Structure formats: structure tokens, C-alpha cells
Amino acid sequence: MTTPVGGTGPCVGLLELASIAAGYETTDALRKEATVELLLSRPVSPGKFLVLFTGAVEETMSALRRGAEVGRDDLIDKLFIPNLEPTLLELIRGEVEGVAELDAVGIIETLSVASTIRAADVASKTGSLRLVGLGLAMGLGGKSYVTFTGDVADVESAVDAGAADANQAGMLVRRVVIPQPHGDMGAVLAGRFGAVMS
């Protein structure tokens, strides 16, 4: 069972670059600059590179600043959140299990990883929700998405808030609220497609 959202969270920084080589160079530079924990540092489709890290606020800011300097010619997007929703970090690490029963489902899809994480953080701080899934550019043509569940009113206001943030940045692809999801949707959202659906 997933942990309900809410509470004081960790600091995160993220850099999205248009070059794989620049991504490796940027990762090296920011790790030499500050003591941060790398959460993701890898190429993502379509030929971009993602560096996501966490640490103390000062260290994360310093690493982000240095990484942005080194990767400036290839920088697509960057993100700094000093107080990330804690369960969002658990999702990034793959530590959140699927939810067996879903109330309403909210989905926010964006054009960049940074905009999805920012929208997910905004949405999760808007209502009483459970984060269900997070897709970060792998096999998605560079797009990303977040899914969460809760009662209909909370999901609607969370989707509105997160989607507004992504739209303001020009990164929103689509926002969806499913008020009464089919019972199979928990398995679908968890990526378990092996079972025969009736």
C-alpha cells in the first residue's frame, strides 16, 4: 500500500539536456561541485540526457548551478524544488507499490521530465492523494506523465493545479480525470498486462 502524500520532503534538482555526451560531462561536473545523491543519470528518448539528484538545499543548488553552466549549450529544462513531496521521491526511486483499489484517477502528461515532476509536486500538495505512477521519458518519445488517485474532488483540483503549472511552462500535453475507473485500471497503471482482463 502506498503512503498518503503530504509532509516535508527532500530537495531535488534536475537537468534535461539535448546531448548525451553533454549529459555525462554535466553529471561529472555537478558531482565534483557538491555532495548530492544521483537519482537518475542516463540517456532518455529521443536522444536526451536526464540528471536528477537530491541532497541538502545548498548542495543541490550548487550542483544545479554548476551543471547548468557546463551544459548550458544543450540545456532543455531545469528544475529545483527545495521541498519535494516525499512520496514523489519514492516513486522516482521505484519504492512505491501499486494501489489495489482506485477511487478517481488523475493523469498529467507533459513534454519534459522537469515539467512532470513540477506538476506532480504541485498536484500532490493540492489534495489528499496517493501517487500511483511516474513515467520519465523512457520509451515515451521524451514525454513524461504522473498518475495519482483519491476522491474525485481532490483529484480534479490536483489535476487542475498540476496541469496549470505545466501549461504555464508551455509543456502540457494532456490532463485526464477518470472518476470511476474500471477495476482493471490498478493493474493497467502498474504496468501489469499479463493477466487476462474480462
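A few notes on this one:
- Test: residue in region 36-43 that is surrounded by 18 or more Cβ atoms within 10 Å (Cβ to Cβ), touching an Asp or Glu at 6+ places or on another chain (Cβ under 7 Å) and either modelled with pLDDT under 85 or of a type in the set (Gly, Ala, Ser) (or both): no
- Any hit, region 49-60, residues being out of contact with any Pro (no Cβ under 9 Å at 6 or more places or on another chain), at positive phi and outside the structural domain of Val113 (by TED's automatic domain parsing): no
- Among (1) outside any strand (DSSP E or B); (2) buried (at least 21 other Cβ atoms within 10 Å of the Cβ); (3) touching a residue at least 60 places away in the same chain (Cβ under 8 Å) - the single one Asn83 does not satisfy: (2)
- Any chance Leu89 is farther than 19 Å from Ala169 by Cβ, touching a residue at least 40 places away in the same chain (Cβ under 8 Å) and part of a helix (DSSP H, G or I): yes
- Residue within region 152-165 that is surrounded by fewer than 18 Cβ atoms within 10 Å (Cβ to Cβ), modelled with pLDDT under 90 and of a type outside the set (Phe, Trp, Tyr) present: no
The values are calculated or read from the model by the stated rules, or taken from the named source; none is laboratory data. As the structure is a computational prediction, the values presented were derived from the model and not from experiment. Neighbour counts are summed over all protein chains in view; Cβ atoms, including those assigned to glycine, are modelled from backbone coordinates with ideal geometry.
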